[in-house]
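Encoded as structure tokens, the structure appears first; notes follow it.
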Amino acid sequence: IMRELSKKNQRAKFVNEITKEIYNDLANEIKKLLKGWNYPDLTSVTFDYDDQELIVSGKMRKNHGKGYRAILNTAFLIAIMKYTRYNGLKHPGIIILDSPLTTYKEKTAAGNSIGSDEDISLDMKQAFFNNLSDINQAHPDFQIIIFENIEPMSEVQDKMNYIHFTKTVGVGRYGFIPVD
């Protein structure tokens, strides 16, 4: 064991066992999600097999703005859960997302926010919540936990386990970790 551990520059051999058919099925699942979320100007979703990169409407994921990259990453995670579960593959059935709709905005020296072109429309945000609540109702074995500053509309809140953190002691739930 010591002799094997002392060998330098060992590289594990990687064999990609993911077929193009699997990539295409996953891309179709991502497209369904994005369509349900009213993703703007959506025409196609594919994978670049060589770069291992998602291409949405002819544009690589990495070339989208940070707000849309967060949405694309979320769609990728949920699509993997759906694909693996539908095909009898292993997945815990739970995804935890931290602020997929709220993009970080850097402040200028004057205190103004920059990056407003990265914003996601309110319509898309509400479609996101509505679609995910429908997925959860159709698949009660899926659990998607979202920590988000954006509130879903009240009619969508009724379709999910919505918990509002008030940051006010004695009013509702203070935060994620309950206060005695």
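I'm trying to understand the selection: among the residues of region 135-180, which are under 30 Å from LEU34 (Cβ atoms) and aromatic (Phe, Trp, Tyr)? PHE142, PHE147, TYR162, PHE165, PHE176 - these are the residues of region 135-180 that are under 30 Å from LEU34 (Cβ atoms) and aromatic (Phe, Trp, Tyr).
Residues in region 143-180 that are open to solvent by less than 60 Å² (accessible area, probe 1.4 Å) and outside any loop (DSSP other than H, G, I, E, B): ILE144, ILE145, ILE146, VAL156, GLN157. All of (1) of a type in the set (D, E, K, R); (2) touching a strand residue (DSSP E or B) at 6+ places or on another chain (Cβ under 6 Å); (3) under 24 Å from SER133 (Cβ atoms) hold for LYS32 with one exception: (2).
Among residues of region 71-88 that are more than 24 Å from PRO40 (Cα to Cα), those with a beta-carbon under 9 Å from a residue that is open to solvent by less than 50 Å² (accessible area, probe 1.4 Å) and among the hydrophobic types (A, V, I, L, M, F, W, C) at least six positions away or on a different chain give the pairs ARG85/PHE142.
A quick yes/no check of all residues on (1) part of a strand (DSSP E or B); (2) at pLDDT 95 or above; (3) within 25 Å of PRO152 (Cβ to Cβ):
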{"position": "GLU21", "(1), (2), (3)": "no, no, no"}
{"position": "LEU33", "(1), (2), (3)": "no, yes, yes"}
{"position": "ILE55", "(1), (2), (3)": "yes, yes, no"}
{"position": "ALA70", "(1), (2), (3)": "no, no, yes"}
{"position": "LEU77", "(1), (2), (3)": "no, yes, yes"}
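Checking each residue in region 60-87 for being under 14 Å from LYS31 (Cβ atoms) and exposed (fewer than 14 other Cβ atoms within 10 Å of the Cβ) picks out no residue at all.
Per this entry, ASP50 is counted among residues that are loosely packed, with under 10 Cβ neighbours inside 10 Å and over 13 Å from the mean Cα position of the chain (by Cα).
Scanning region 127-142 for residues that are part of a loop (DSSP other than H, G, I, E, B) and more than 16 Å from the chain's Cα centre (by Cα) yields HIS139, PRO140, ASP141.
Could we say that PHE47 is on the phi < 0 side of the Ramachandran plot and either among the polar types (S, T, N, Q) or touching a residue at least 40 places away in the same chain (Cβ under 8 Å) (or both) here? So PHE47 fails the test.
The values are calculated or read from the model by the stated rules, or taken from the named source; none is laboratory data. Remember, it's a predicted structure, so these values are computed and weren't measured experimentally. Because the Cβ atoms are built from the backbone with ideal geometry, glycine has one as well, and the counts that use them run over all protein chains shown. Please note that ligands, DNA and RNA were not included when accessible areas were found on the heavy atoms of the full protein model with its side chains. Shrake-Rupley method; radii C 1.70, N 1.55, O 1.52, S 1.80 Å.
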